[in-house]
Amino acid sequence: MTLPILILNGPNLNLLGTREPATYGYETLADVEALCHARADELGLQVEFRQTNHEGQLIDWIHQARSRCAGIVINPAAWTHTSVAIRDALAAVELPVIEVHLSNVHKREEFRHHSFVSGIVLGVMAGFGSNGYRLALDHFAHLLRG
């Protein structure tokens, strides 16, 4: 059995489905989690799905993944544009990482165009809604099968 893929979600994603539905859609975070578990089952992967509004908690989870996970899918949300600490934590654990964003951040406000995370990850899924998580898991399945 392979190690799990850790799926991390940053601030305000707990409000999916009610927060700015024109931008983020009507799916809830529970819907996204169910999609991830279903796709992981189809691919023969295990996933752990987490969300926090506390930056230090996210960093702790990244550190813990170092020795117990095969990789990380992360939607850093607003921390994408502000957190060198999250970027450094992801770099330090030396795991493959895929960055996911529900919206196309490049079609939005200028400040959202910069990501501290993008420069150190395998790839970025942006603008595909919850399907971005599915695509990230598909890529991890491909990587893990060599």
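Find the residue count for segment 48-82, including only residues that are in a loop (DSSP other than H, G, I, E, B), among the polar types (S, T, N, Q) and within 15 Å of the chain's Cα centre (by Cα).
If we filter segment 48-82 for residues that are in a loop (DSSP other than H, G, I, E, B), which is where we start, we get 52-54, 66-70, 76, 82.
If we keep only those that are among the polar types (S, T, N, Q) as well, we get 52-53, 67, 82.
Okay, now just the ones that are also within 15 Å of the chain's Cα centre (by Cα), so 52-53.
Number of matching residues: 2.
Limited to segment 27-66, what total is found for residues that are farther than 14 Å from Tyr133 by Cα and either at pLDDT below 95 or of a type in the set (Val, Ile, Thr) (or both)?
Adding up the residues that qualify gives 3.
Please state which one of Ala92, Ala22, Ala34 is surrounded by fewer than 15 Cβ atoms within 10 Å (Cβ to Cβ), among the small types (Gly, Ala, Ser), under 15 Å from the mean Cα position of the chain (by Cα) and in a helix (DSSP H, G or I). Lay out the reasoning, then the answer.
Details: Ala92 fails: under 15 Å from the mean Cα position of the chain (by Cα); Ala22 fails: under 15 Å from the mean Cα position of the chain (by Cα).
Criteria check complete, one pass: Ala34.
From the list Val47, Val100, which one is surrounded by 17 or more Cβ atoms within 10 Å (Cβ to Cβ) and touching a Cys at 6+ places or on another chain (Cβ under 6 Å)? Please lay out each step first, then the result.
Details: Val100 fails: touching a Cys at 6+ places or on another chain (Cβ under 6 Å).
Checking each option against the conditions leaves just Val47.
As an exercise: evaluate Gln46 against (1) farther than 25 Å from Ala141 by Cβ; (2) in contact (Cβ under 8 Å) with a residue 12 or more places away in the chain and give the number of the one condition it does not meet.
Going through the list (1) farther than 25 Å from Ala141 by Cβ; (2) in contact (Cβ under 8 Å) with a residue 12 or more places away in the chain, Gln46 breaks only (1).
The values are calculated or read from the model by the stated rules, or taken from the named source; none is laboratory data. This is a predicted model, so every value here is computed, not measured. Ideal geometry is used to build each Cβ from the backbone, glycine not excepted, and the neighbour counts take in all protein chains shown.
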